[in-house]
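Just below is one structure, and these are the notes that go with it.
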Amino acid sequence: MNNHLKTCLPRFSLSKKPPSVPPFKKGVLAIPIVPPFETGELGGISKQPRTVSKGWLRNAAGGVAISVLLVGCATSSENNTSQHKMPMAGQAQMQMQMQHLVSMAPYRGYLAAHRNVSRPLNLLGGPVKVSISQPGGGVFVSLPDYRRLDPDVFGQPGMERAFAGTPGIDGVPPMARGVENGHYTRFKHKSPFGDKFIVMKDGMMRLEAVDATATDAATTRDSVKFMASWKDKAGNTYEVRCCKMLASHGVEFPTFGGVVTNHILHGSSRLGTALMPTEYTYLAFWGMGEVRKNGQTLDKPRLIHGMLTEYVRTTGYQLGFDKDITPTRRQFHLMVPPMMPDMAKGGFHKKPVNTGFKLPNGMMLPFWHVMFENLTIQGQRGD
Ligand SMILES: [Cu+2]
């Protein structure tokens, strides 16, 4: 990987559990701690229901589904430099602090109570079926940036909020926060969450999802078929497909069977990274898919997360604080984080996404965080 980029990753839980394809096995993998903002964990994988294995994602049929949460961040080479100069004792202390912070992730007990459930209950009122599409137009592609810290989400020095869990993926530890005049300023490390972006053309997206299973569990009846593509100035086409696998349960926060509808995520919810604002989420999914360029698969399998939310951007397309949200507009976010599960050793290992897209400084963009806003949305409840 690029030595000038450090990535910080989210944690997942992988458990195998096809609802209709016995036998299933599952396993929760160990969490490697890579200071200072690199950790990962594997959760549970579950096969998608056969009822959704058709159409343009036919290949997904019979595949194992993973669920994931993801997010990745990249730190600048300057940060890496200071990190490398840290004395060994200091590094060990930092690692211990990080392990302690990760151990304080707020949903650990909740997740433990759900990950082995073999027969999860369904949503009240029946499954929610959602179709979302964008036929064309531009997309907003996030670039690595330093996220400003919302006091409503992160509190203030001495009265912190949202500090536990995997840094950047879940909370942000106090030592990773800039402070000025008694207030937090920004996350010290670059991440996919910030104000920097570029626009790419010919953005197309199609999602068909079912939210049937209510809670996290070892198995799920949720399903996702997703495809999105966009083009750079040179005419290269970038594409993401998902999900051969769905995350039936999370490791650091719930995934509600891999698909969740009509919920609050991110920010103060402590469901997903706090670096995104607290946002009403009409639909979100976590699964495993692939990254392509010009019709060629560049990276597979990769963790994929998508969500349809209320609008969280402001003037100049800055990523807003909670107070800046526009509840009557909607947008779709696609996230491919720079981390991968390690099925042999357990846990996740750092692995920047081979996006095939170079940043102006010549380095590869190590993640995709892409926003679609020209949407047609349909939802239906019931069998
Ligand atoms: Cu999200």
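The values are calculated or read from the model by the stated rules, or taken from the named source; none is laboratory data. Here the structure is a predicted model, which means the values were calculated and not measured. As a convention, Cβ positions derive from the backbone with ideal geometry for all residues, glycine included, and neighbour counts pool all protein chains shown.
Observations
- Of the candidates G362, G306, G316, the single residue that is in a helix (DSSP H, G or I) and either at pLDDT 95 or above or over 15 Å from the mean Cα position of the chain (by Cα) (or both) is G316.
- Within region 241-283, the set of residues being under 21 Å from M205 (Cα atoms), under 14 Å from the mean Cα position of the chain (by Cα) and more than 13 Å from the ligand (Cβ to nearest atom) comprises C242, C243, L246, G258.
- T314 being hydroxyl-bearing (S, T, Y), surrounded by fewer than 24 Cβ atoms within 10 Å (Cβ to Cβ), touching a residue at least 60 places away in the same chain (Cβ under 8 Å) and away from the ligand (no atom under 11 Å from the Cβ): no
- Residue match in region 115-122 (condition: at pLDDT below 90 and polar (S, T, N, Q)): no
- Some residue of region 288-298 being in contact with a Phe, Trp or Tyr (Cβ under 9 Å, 6 or more places away or on another chain), free of Cβ contacts under 8 Å to residues at least 60 places away in the same chain and under 30 Å from P173 (Cβ atoms): no
- Filter pass, V172 being more than 20 Å from the chain's Cα centre (by Cα) and either part of a loop (DSSP other than H, G, I, E, B) or more than 14 Å from the ligand (Cβ to nearest atom) (or both): no
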